[in-house]
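Shown next, in structure tokens, is the structure this report addresses.
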Amino acid sequence: MEWKNFTLIGLGLIGGSIAKAIKKAYPRAKISVLEKDQHSVEMAISEGIIEKGLQSIEEIPSDTELLFLCTPVEWNRIFLRELAPKLSSHTLLTDVGSTKSSIMKEAEALGLSSRFCGGHPMAGSESSGYKASDSLLLENAYYLLTPGQGFPTESIEKMKSFLSSIGSIPFVMSPEEHDKSVACVSHLPHLIAASLVKLLKEEDEKGTMKKLAAGGFKDISRIASSSPIMWQQICLSNKEPILQMIAHYQDLLEEIKASIEKEEPQGIAELFRESGEYRNSMDSSAQGLIHSEYAISLHVQDHPGAISIISTILASNMVSIRNLGINHNREKGEGALQISFYTGEDCEMAKKLLHKYGFIF
Ligand SMILES: NC(=O)C1=CN([C@@H]2O[C@H](COP(=O)(O)OP(=O)(O)OC[C@H]3O[C@@H](n4cnc5c(N)ncnc54)[C@H](O)[C@@H]3O)[C@@H](O)[C@H]2O)C=CC1
Ligand SMILES: O=C(O)C(=O)Cc1ccc(O)cc1
């Protein structure tokens, strides 16, 4: 299906990335945007990503086929309420929020069950705003959908095929299962990262600990730099599942504390053995292997030697690679190779060279 008319409310990291991915998959698409930051709107217009900025929901074009709510979760819920009586009947509605039960209940209460499908791309970063958005952010990432009972099967298929067309991997689940799952794999980890950094700040009287914090601390604490307002709203709208995960995590901390107090070497080793085995069994094929300011992603056919050709081109031009990763897209039999660099100059040089040799970004 050739989608043409989209409206986005919120053009930050996720809204901007969706707009860029849409424009890549559907170059003739017209995207209208309601976004309070005019600078982001102007930038997106000048880059040819969006068609126009809207001043109010009254200006949403009546021919909108798909409307995305891309602001923090509580504001998405409020926008849905305001939009309900004003939208043309053939517009499908979705959101990108990190919690799902709350907005699904709102949609049902507003009588929008047949037109609203909850959505949540399982990709992102600690950065915010349109300037951090990227057409590749959602590529090869799971995109969770939580349609309600009244959402027609045919419309679920439409949503799934749209998400596949922008490179995401759609996955349907219930709002309750969604909220419990993300409380464990996303919400609690963000809270742990933030409190771990707070622990360092409070313990670090002389400021030396901060200097010593190396790889492990940096890996586990990156997401502590995420948007405060976004996380405030996520925590309050997924209160019960998050409280349950905190309680379970507290029990685990108590267990390891007891093993250390009682000097039980087996208990300590067993924690690392069991967790390490499970961690190693995790699927790393979906999404974001590389997070870097200076990174590119290019399409490579899955044939032997592709990486050595690229590394030879770069090395022979004195461009140093910092990291390499492949996002396998098993359905299409090709991968997106992500390469990161130490400097912006190296990144720009790599783009020019690889473009010259016919690689597609
Ligand atoms: N950051 C991440 O990694 C991910 C975020 N999400 C969800 O996506 C949603 C958006 O998050 P981000 O794009 O990261 O945040 P962001 O802060 O980058 O973007 C939000 C945008 O909404 C705009 N906005 C806020 N209130 C507005 C209003 N009243 N009218 C018009 N525009 C308004 C802001 O100006 C901003 O540009 C949130 O619901 C979040 O839970 C989902 C997956 C990943
Ligand atoms: O940066 C990361 O690793 C994230 O985990 C980003 C993220 C934040 C919120 C979501 O709902 C989904 C993904």
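Would you mention how many residues in the range 108-132 are within 15 Å of ligand 1 (Cβ to nearest atom) and in a loop (DSSP other than H, G, I, E, B)? Final tally of qualifying residues: 8. So which residues in the range 1-41 are part of a helix (DSSP H, G or I), within 19 Å of D95 (Cβ to Cβ) and either within 10 Å of ligand 1 (Cβ to nearest atom) or among the polar types (S, T, N, Q) (or both), if there are any at all? Within the range 1-41, L13, I14, G15, G16, S17, I18, S40 meet the criteria. Taking the criterion of being exposed (fewer than 12 other Cβ atoms within 10 Å of the Cβ), small (G, A, S) and either modelled with pLDDT under 80 or not in a helix (DSSP H, G or I) (or both), would at least one residue in the range 308-318 satisfy it? Within the range 308-318, none of the residues are exposed (fewer than 12 other Cβ atoms within 10 Å of the Cβ), small (G, A, S) and either modelled with pLDDT under 80 or not in a helix (DSSP H, G or I) (or both).
In the range 113-131, which residues are surrounded by fewer than 21 Cβ atoms within 10 Å (Cβ to Cβ), over 12 Å from the mean Cα position of the chain (by Cα) and among the small types (G, A, S)? Listed by number, the residues that qualify are S113, S114, G129.
Given the criteria closer than 29 Å to N140 by Cα and under 19 Å from the mean Cα position of the chain (by Cα), does T64 qualify? Taking the combined requirement at face value, the residue does not satisfy it. Contact map, the range 206-225: residues that are closer than 9 Å to A193 by Cα and outside the structural domain of E126 (by TED's automatic domain parsing) paired with residues that are assigned to a helix (DSSP H, G or I) and not hydrophobic (A, V, I, L, M, F, W, C), Cβ distance under 8 Å, separation 6+ or inter-chain. Pairs shown: I223/P189; I223/H190; A224/H190.
Return yes when I57 is over 18 Å from the mean Cα position of the chain (by Cα), hydrophobic (A, V, I, L, M, F, W, C) and either surrounded by 21 or more Cβ atoms within 10 Å (Cβ to Cβ) or within 16 Å of ligand 2 (Cβ to nearest atom) (or both) and no when it is not. Taking the combined requirement at face value, the residue does not satisfy it. When residues in the range 161-177 are screened for being more than 15 Å from the chain's Cα centre (by Cα), in contact (Cβ under 8 Å) with a residue 12 or more places away in the chain and closer than 20 Å to S101 by Cα, 5 of them pass.
With a requirement of 2 or more residues that are among the polar types (S, T, N, Q), within 16 Å of ligand 2 (Cβ to nearest atom) and surrounded by 12 or more Cβ atoms within 10 Å (Cβ to Cβ), the helices (runs of 4 or more DSSP H) lying completely within the range 191-248 that satisfy it span 228-237. Taken together, G118, G111 contain a single residue that is within 14 Å of ligand 2 (Cβ to nearest atom), at pLDDT 95 or above and not assigned by TED's automatic domain parsing to the domain that holds L337, which is G118. Regarding F151, is this residue among the aromatic types (F, W, Y), away from ligand 2 (no atom under 16 Å from the Cβ) and either in the same structural domain as L92 (by TED's automatic domain parsing) or surrounded by 14 or more Cβ atoms within 10 Å (Cβ to Cβ) (or both)? For F151, the condition - among the aromatic types (F, W, Y), away from ligand 2 (no atom under 16 Å from the Cβ) and either in the same structural domain as L92 (by TED's automatic domain parsing) or surrounded by 14 or more Cβ atoms within 10 Å (Cβ to Cβ) (or both) - is met.
Scanning the range 271-301 for residues that are surrounded by 13 or more Cβ atoms within 10 Å (Cβ to Cβ) and modelled with pLDDT of 95 or more yields a single hit, L271. Candidates S88, S135: the one that is within 17 Å of the chain's Cα centre (by Cα) and either away from ligand 1 (no atom under 15 Å from the Cβ) or surrounded by fewer than 23 Cβ atoms within 10 Å (Cβ to Cβ) (or both) is S135.
Inside the range 50-77, can you point out the residues that are over 15 Å from M230 (Cβ atoms) and not in a loop (DSSP other than H, G, I, E, B)? Correct list: K52, G53, L54, I57, E58, E59, L66, L67, F68.
The values are calculated or read from the model by the stated rules, or taken from the named source; none is laboratory data. From a predicted model like this one, the values you see are computed outputs, not experimental measurements. Because the Cβ atoms are built from the backbone with ideal geometry, glycine has one as well, and the counts that use them run over all protein chains shown.
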